[in-house]
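A quick write-up on the structure given underneath.
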Amino acid sequence: MKNAVHFGAGNIGRGFIGLLLSKAGYHVTFIDVIDSLVDDINNQKKYNVQIAGKPEKILVENISAIDSDRNDVAVDAVVEAIADADIITTAIGPNNLKYLGENLAKGLTKRIAKKNMKPLNIIACENMFGSSTALKNFIYAKLSDEMKNELDRLVGFPDAAVDRIVPNQSHGEKLLVTVEEYAEWDVDAKQAVGDLSGIQGLNLVDNLNAYIDRKIFTVNTGHAAIAYLAYQHGINDISNALRVPEILETTRDVWAETSALLTAKYKFAPASHRRYIQTVENRFANPYLSDEVIRVARNPKRKLSENDRIIYPANQLALHDVNPEALGKVAAAAFKFDFDADTEAVEIQNYILENGIDAAITHFTGVNPGSKLFYIIKKNF
C-alpha cells in the first residue's frame, strides 16, 4: 500500500484531502499537534465523513496519526514517515507552513540517505497563492546546496487551489466530519513529478492561475459581498442573506462583473462559467452549509487591499473602461463593517473618524482620488 503523509488532522484534513487519499488506496498518516485528536485517530483507526444534508456516511480507513509536538520519539516517527512517503500534503493554514520546514528538511534528508529515489510531490493545500512554493522555500532554508540539488531531481512542489466548504459543527461521534458535496482540488501539472493520475478528485491543470483566479473572484469575492451587505441588513447568516432580493441581486451583479474579467482574461467558455457561478450560488444558499456573516466578513483591511478579492477585480475592470458598480458598492459596505471585536474593522472605523472617508479609501485600497472606482465607493458610502 502507498503511503501518504498529511499535516493537519482537522476537519479539512479529514473531510477533504485525507478522504481523497484514502479512497485512492493510500495509508494516510496524519501529523498534528493536538494530543486528543491524534489519540482518537490511533485508537479508532477509522472515521466517517458525512455530506451535509444527506444521511449516508463515507467510511475512511487505513489511517494513523503522529503528534509531532509530543516528544523526540514522535519527531523521529514524523521524519521516518516523510522519508518513506509517496505523497505529502498539508491543510494547516498558510501562517503555519513555516513550522513544517525543519521536520520536512530532516525527513527529505533521511529519504536521500536511505536511497529512496521514488518521485515525491509535496502539495500545500492552503487558501493562498503559491502555497507549495512557499513551503518549499521554508524547507530549502534548512538544507545545504548539495541537498537542494538532489531534491530538485526527485521532489515536486506543485501549487494547488482547493475549494470545499466545511461548516461549523459539533458531533457526538468522534472524528465524524460533515462537508459539502462539492469539492475541487486543482494542481499545477507543470510543477508535479511522477504520476498523480490515480487520485480521483485531484485535477492536474496546465494553467493553475486561471483556476485560482476563478475561485478567488467567484467564491471568495461572492462570499465577501454577501457578508458585507448582510451585515448592513442585520442578518447573521449567509444562506438567509441570499433570501433578501437586494443582496441576491447585488451579488449576482458582482459575479457578472468578475465574469467579464475572467472570461476575457482566461477564455473560460461563458456557458460553462455561468454554470460554475450557479453552483457557487447554490452552495452559499444551502442552509446545511451556511456560515456566520461576522466570520466571513472579518479582516476587512485585508479584504479591501488592492490585490485582494474586491479591489483587484474592480481595478482591472476600470482599466478596461468598465464601471465596477457592484464591486464598488461592496467595498463601501466593507468600509461600514464596524464589528467592534474585529481589530481590523476597529482600525478602519477609527481612521475614517479621524481622517474622513476620502483619505480612508485611498489609504486602505490604494484607489486614487478622482478615479471611477473611488467615486463609486464614495457614492455608495
* Asked: Based on the mean of other beta carbon atoms within 10 Å per residue, what is the order of 351-361, 116-126, most packed first?
  -> 116-126, 351-361
* To do: Tell me the label-point distance for the pair residue 57, residue 170, using the 7 Å Cα-to-Cβ offset, in nm and rounded to one decimal.
  => 1.9
* **Quotient of Cα Rg and 2.2 N^0.38 Å for region 341-381, N being how many residues it contains** => 1.16
* To do: Quote the charge dipole size of the chain about the Cα centre in Debye, to the nearest 20; the model charges only the Cβ of Lys and Arg (+1) and of Asp and Glu (-1).
  => 760
* For region 123-166, alpha-carbon Rg relative to the globular expectation (2.2 N^0.38 Å, N residues) -> 1.35
* Test item: Cα-centred dipole of region 96-208, Lys/Arg +1 and Asp/Glu -1 on Cβ, debye -> 800
* Given 23/45; 46/106; 2/23; 329/378; 110/142, the pairs whose alpha carbons are separated by over 18 Å -> 46/106
* By average Cβ neighbour count within 10 Å, what is the ranking of 97-103, 23-29, 166-172 from highest down? -> 23-29, 97-103, 166-172
* Along the charge dipole of the chain, Cβ charges K/R +1 and D/E -1, which of 9, 219, 240 sits furthest on the positive end? -> 219
* Structure fact -> Listed by chain and number, the residues whose amide H is under 5 Å from that of residue 123, excluding neighbours fewer than 5 places away on the same chain and using placed H, are 88, 89, 90
* Asked: Hey, if you drop one equal point scatterer on each alpha-carbon of region 72-131 and run the Debye formula without solvent, what base-10 log of I(q)/I(0) do you get at q = 0.20, 0.24 Å⁻¹?
  -> -0.78, -1.02
* ³J(HN,Hα) across region 130-138 via Karplus (A = 6.51, B = -1.76, C = 1.60, θ = phi - 60°), whole Hz, x for Gly/Pro? -> x, 5, 5, 4, 4, 5, 4, 5, 5
* Structure fact -> Applying the gyration tensor rule to the Cα atoms of region 12-143 (axes a ≥ b ≥ c; rounded if a/c under 1.5, else prolate if a/b exceeds b/c, else oblate), the class is prolate
* To do: Scan around residue 30 for amide H atoms under 5 Å from its own, H built in the peptide plane at 1.01 Å from N, and keep only partners 5 or more places away or cross-chain.
  => 6, 64, 65, 66
* To do: Would you mind pulling out the separation of the Cα centroids of region 37-109 and region 147-191, in Å?
  => 12
* Asked: Considering the dipole of region 230-368 built from charges on the beta carbon (Lys and Arg +1, Asp and Glu -1) around the Cα centre, which of 335, 359, 276 is farthest to its positive end?
  -> 276
* DSSP beta bridges in region 30-176 [antiparallel fraction, %, rounded to 5] -> 30
* Structure fact -> For region 229-381, the convex hull over Cα atoms projects on average to an area in nm² of 9.0
* Structure fact -> Subtracting the Cα-Cα distance of residue 380 and residue 44 from 0.36 nm times their residue separation yields 115.5 nm
* From the residues 42, 87, 64, which one has its Cα farthest along the dipole of region 40-144 in the positive direction, the dipole being from +1 and -1 charges on Cβ of Lys/Arg and Asp/Glu about the Cα centre? -> 87
* Counting helices only, and only those DSSP H runs with n ≥ 4, report the 222 nm mean residue ellipticity of the chain as the sum of -39,500 (n - 2.57) divided by its residues, in deg cm²/dmol to the nearest 500. => -14500 deg cm²/dmol
* Along the Cα-to-Cβ line of residue 278, 7 Å from the Cα, sits a label point; which residues in region 159-189 have backbone N less than 17 Å from it? -> 182
* Give the Debye-formula value of log10 I(q)/I(0) at each listed q (0.18, 0.23 Å⁻¹), with one equal scatterer per alpha carbon of region 1-71, two decimals each. => -0.63, -0.98
* To do: Looking at the chain, send over the antiparallel percent of its DSSP beta bridges, to the nearest 5.
  => 25
* Electrostatic dipole magnitude of region 4-112 [Cβ: Lys, Arg +1; Asp, Glu -1; Cα centre; debye, to 20] -> 420
* Structure fact -> Expressed as a percent, the accessible surface of region 1-75 that is carbon or sulfur, using a 1.4 Å probe and the full set of protein chains, is 49
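The values are calculated or read from the model by the stated rules, or taken from the named source; none is laboratory data. From a predicted model like this one, the values you see are computed outputs, not experimental measurements. No Cβ is skipped: glycine too gets one built from the backbone with ideal geometry, and neighbour counts run over all protein chains shown. What goes into the accessible areas is simple: the full protein's heavy atoms, side chains included, and nothing from ligands, DNA or RNA. Shrake-Rupley method; radii C 1.70, N 1.55, O 1.52, S 1.80 Å.
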